[in-house]
Amino acid sequence: MCAMQGPRADEARDHILVADDDPVTLEVLAHYLNAAGYQTTTARDGREATERMSAEISVACFDLEMPHASGLDCLRFVRKNFRDANVIMVSGRGDIQDAVAAMKEGAFDYITKPFDREELLARVNQACWAGRLARDNRNLREAVSSAPPTCDFVARSQVSQELVRQIAKVGALDSTVLITGESGTGKTTVARMIHQSGERANGPFVTVNCASLPRDLVEAELFGHAKGAFTGAIHDRPGRAEIADGGTLFLDEIGDLPLELQPKLLTFLQDRTVQRIGSNRVQTVDVRLIAATHQDLARMCRDRRFREDLYFRLNVIAIRMPALREHLEDLPEMANQILQRIGRRRGQPALTIEPAAESALLTHGWRGNVRELENVLERASAFCDSNVIRVSDLMFSSTGFDTVSPVAMMQPTAQQLANRTLDDLEKQAIIETLQSCSGNKAEAARRLGVSEKSIYNKMKRFGISL
């Protein structure tokens, strides 16, 4: 049987981390991998290996015996912090039992010294391929099983009751819906409610966030691709429009859809057909489309930043989400539901809000709407005493847009910064910037001066979920 070689010219250059304390072995490994078309990073011991590990690494090759940290220690580090990367253990003749033990702890494979070049490339190539397949499968599962609404829908105010009536009427139809409103008002929640109240409730509810995807990947995510269609397309992959067949396709932040892709979406809306990138096959799908945006699409059309014909196709039935300040009568019950959910998650008794704190909540500007309310209560619940939230526990994000801010966000002092690790400070900076941006990762990246990909990598590394 022919051994598997490195990546072909039409495949992505996978990034491999190689760690070995023997300089000869390290040089040989890197030479073989570089010659086969891989990108490599080398480390001379276990400590260097963990320091140089990143989300860009597809496969890590660790020697079992290294100074400062063993290959097994490095494996555990990767499994905990970089679950998308596969690990291959490199062992000496007498380390086979240790290598097998490492596989039980999550190593993808192992090779023994002295190793054969073809065998090395075959195992690395297989590890890269398996990692890509696992990531694709996970992304598809996440697309289909989008998270349910984070809080129950409260409709005590007249504004919210009217919204519920609209949802009930629209849910019974199969028309395209455009949901507009400020960030954090609950557009995704309402989209799911429309899906669940209609005949497609048993079908998939598939979400595409047009703002969070890199521009060059939006088309592939929406319509899929054929094997070999572009660099890294090593197998056929259905798009989310195809996955949503029989259900609902929800396009969040539709205003961020690249202008060059809008004609393809218009064609899809007209005839409900999809054609994967690199394929001649056209497939018809039965999909209801719901779109949402916080932007003024009509103004964007006048500025030639959004196609007018697409706007009219999307704006069949329009639902406007009211800002939280427009239905403050709902706020006390919404706050109580959020606090009950926090208590259940932490296994604690239900938290309550003192009257003065409730008054402070009612007088705040709520630029970030329900999402900001959730963040404020999450922070307050972490610092309150006796399960009672008081005014002193409330910390409102100071964005410069709020009309009223009862408690200003404290600026960090030297005392607050002392004795905290750089990781702690970086994590806190990311959390607070994301909160001030209402969760918009692209905007947070711009404010922090890093790439959007770095924001996702750091969120994963620090376990941040907003």
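Quick note: the coordinates plus some simple rules give every number you see, no bench work behind them. Treat the numbers as computed from the prediction; the structure is a model and nothing was measured. Virtual Cβ from ideal backbone geometry, glycine too; neighbours counted across all protein chains shown.
Put a plus charge on the Cβ of each Lys and Arg, a minus charge on the Cβ of each Asp and Glu, and nothing anywhere else: the dipole of segment 158-322 about its Cα centre is then about 100 debye. Once backbone amide H atoms are built at 1.01 Å from N, residue 287 has 246 as its partners under 5 Å, excluding neighbours fewer than 5 places away on the same chain. Each residue, residue 158 and residue 73, gets one label point 7 Å from its Cα in the Cβ direction; the gap between the two is 6.8 nm. The Cα trace of segment 169-240 gives Rg and Dmax of 15.6, 46 Å, the first to one decimal, the second as a whole number. Against the empirical 2.2 N^0.38 Å (N residues), segment 255-368 has a Cα radius of gyration ratio of 1.63. Each principal axis of the Cα atoms in the chain has its own extent, and those three values, largest first, are 76, 62, 39 angstrom.
Taking amide hydrogens as placed 1.01 Å from N in the peptide plane, the amide H of residue 70 sits under 5 Å from that of no residue at least 5 positions away in sequence or on another chain.
Take every DSSP beta bridge whose two residues both sit in segment 158-322; close to 20 percent of them are antiparallel. A straight chain from residue 451 to residue 281 at 0.36 nm per residue would run longer than the Cα-Cα distance by 57.6 nm.
Fully extending the segment from residue 362 to residue 348, taken as 0.36 nm per residue of separation minus the present Cα-Cα distance, adds 2.5 nm. In whole percents, the pair-distance distribution calculated for segment 15-137 from its alpha-carbon pairs, binned every 5 Å from zero, is 2, 12, 25, 28, 21, 9, 2, 0. Taking every DSSP beta bridge that has both ends in the chain, the antiparallel portion is near 10%. Exposure proxy ranking for 364, 31, 327, based on other Cβ atoms within 10 angstrom of each Cβ and starting from the fewest, stands as 31, 327, 364. For segment 156-209, the equivalent ellipsoid derived from the Cα gyration tensor has semi-axes of 19, 15, 9 Å, listed largest first.
When the Kirkwood hydrodynamic radius is evaluated over all pairs of different C-alpha atoms of segment 318-395, what value in angstrom, to one decimal, is obtained?
Radius from the Kirkwood sum: 12.8 Å.
Hydrodynamic radius of segment 158-322 by the Kirkwood approach over all distinct alpha-carbon pairs: 16.3 Å.
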